[in-house]
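J.: Handing you this structure, nothing more for now.
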Amino acid sequence: MAQNLHEFIRKNMELAVNDFQMIQPGDRILVGVSGGADSFTLLKVLSGRKIFIPQDITLIPAYIDLGFAGEDTSHIKALESYFEQNSYEYYIDRTTIGLFAHSEKNRKKPCFLCSRLRRKRLFEIADKFNCKKIALGHHKDDIIETLLINIFFAREIATINPNQPFFKGKYQIIRPLVYVWEKKIKRYAQMNEFPVFENLCPTAKTSHRNIIKNMLHDLERKQKGVKENIFKSLRQVKRDYIWGIIDSE
């Protein structure tokens, strides 16, 4: 069962990597490890046997601690132990990004600022290790949730780009798990007993993403296949019926 699930995730990961031209021979890739099931899964599968992805790539896991745990370092010790047991060169960065983003100075948009500062720090760490690519564990659910978040709360039609260049192509953020549903990733993480730890962000349970996630869960329960339909709609954009596209041409 575990091997079948591993192969399912590997095949879908490699399909996404090839579809979006994410990885080339000799790449040095910084893997953003968040402490969640998705990033551990990404690191594990990318490190293992691959068929259509070049073997001569270098993976460097990096964890940015946001400061929510305070003096408790048990999660960091667990990460260090996991990385060392698996012979990874790694980097752990202790910051107060999360605390600052949720401070009195920034009460209106804590998630936006936290995300922006984390991404900035990831670029700095990538530069430190001479990595031109940063791999993140965003999955299929993230794609459709982000699409709906942007429609409902940002008044725009946009979602996560599987292979996104930054700074005129100096860096690329890649997302090899975009063809894999979250439930598969969580099951895989449990089977492999990854040292997953709780997200201590104070807005995690009340965020826009959590609202959308619950809404999609209810819809899927009533009408199976809704989430798959939303995902597939991203490849079926009827340009003649989108005002913004018409107006910009």
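J.: Let me know the Rg and Dmax you get for segment 18-58 when you use only its Cα atoms, in Å.
T.: Reported Rg and Dmax, both Å: 10.7, 28.
J.: Sticking with this structure for a sec: Please list, in order along segment 122-131, the HN-Hα scalar couplings obtained from phi with the Karplus expression 6.51 cos²θ - 1.76 cosθ + 1.60 (θ = phi - 60°), rounded to whole Hz, x for Gly and Pro.
T.: Whole-Hz 3J(HN,Hα) from phi for segment 122-131: 4, 4, 5, 5, 4, 5, 4, 9, 6, 9.
J.: Using 0.36 nm per residue of separation minus the Cα-Cα distance, give me the extension gain between I242 and R121 in nm, one decimal.
T.: Working: separation 121, 0.36 × 121 = 43.56 nm, distance 3.62 nm.
Result for the pair: 39.9 nm of gain on full extension.
J.: Continuing with this model, one more query. Over 5 Å intervals from 0, what percent of Cα-Cα pairs in the chain sits in each interval?
T.: Pair shares across the bins are 1, 5, 12, 16, 19, 19, 14, 9, 4, 1, 0, 0.
J.: With +1 on each Lys and Arg Cβ and -1 on each Asp and Glu Cβ, and nothing else charged, work out how big the dipole of the chain is about its Cα centre, in Debye to the nearest 20. Write down the numbers at each step before the final one.
T.: On the way: 40 positive and 29 negative charges, 113 e Å.
Roughly 540 debye for the chain.
J.: Further question: As an exercise, use a Förster radius of 25 Å and the Cβ-Cβ distance of C111 and D72 to find the FRET efficiency, rounded to the nearest 0.05.
T.: Efficiency, from the Cβ-Cβ distance: 0.65.
J.: Mind checking which of A16, A78, A2 is farthest towards the positive end of the chain's charge dipole, using Cβ charges of +1 (Lys, Arg) and -1 (Asp, Glu) about the Cα centre?
T.: Of A16, A78, A2, it is A16.
J.: With r defined as the distance between the Cβ atoms of I211 and Q190 and R0 fixed at 30 Å, what FRET efficiency is calculated, to the nearest 0.05?
T.: Details: r = 26 Å, r/R0 = 0.86.
Given R0 = 30 Å and the Cβ-Cβ separation, E is 0.70.
J.: Considering the options Q223, I174, S233, tell which one lies farthest towards the positive end of the dipole of segment 162-249, charges being +1 on Lys and Arg and -1 on Asp and Glu at the Cβ, about the Cα centre.
T.: Q223
J.: Counting only helical runs of four or more DSSP H residues, what would the 222 nm mean residue ellipticity of the chain come to if each run contributes -39,500 (n - 2.57) and the total is spread over all its residues?
T.: Working: 10 runs with 119 residues, N = 249.
Only helices count here, giving -15000 deg cm²/dmol.
J.: Given that compact globular proteins tend to follow 2.2 N^0.38 Å, what is the ratio of the alpha-carbon Rg of segment 133-245 to that value?
T.: 1.19
J.: If you don't mind, another one. Using Cα centres only, tell me the gap between segment 1-34 and segment 112-130 in whole Å.
T.: 22 Å
J.: Using Cα centres only, tell me the gap between segment 163-222 and segment 42-70 in whole Å.
T.: Cα centres, segment 163-222 to segment 42-70: 15 Å.
Read the figures in this text as sums done on the coordinates, not as results from a lab. All values derive from a computational prediction rather than experimental measurement. A quick note on method: Cβ atoms are made from the backbone with ideal geometry, for glycine too, and the neighbour counts reach across all protein chains shown.
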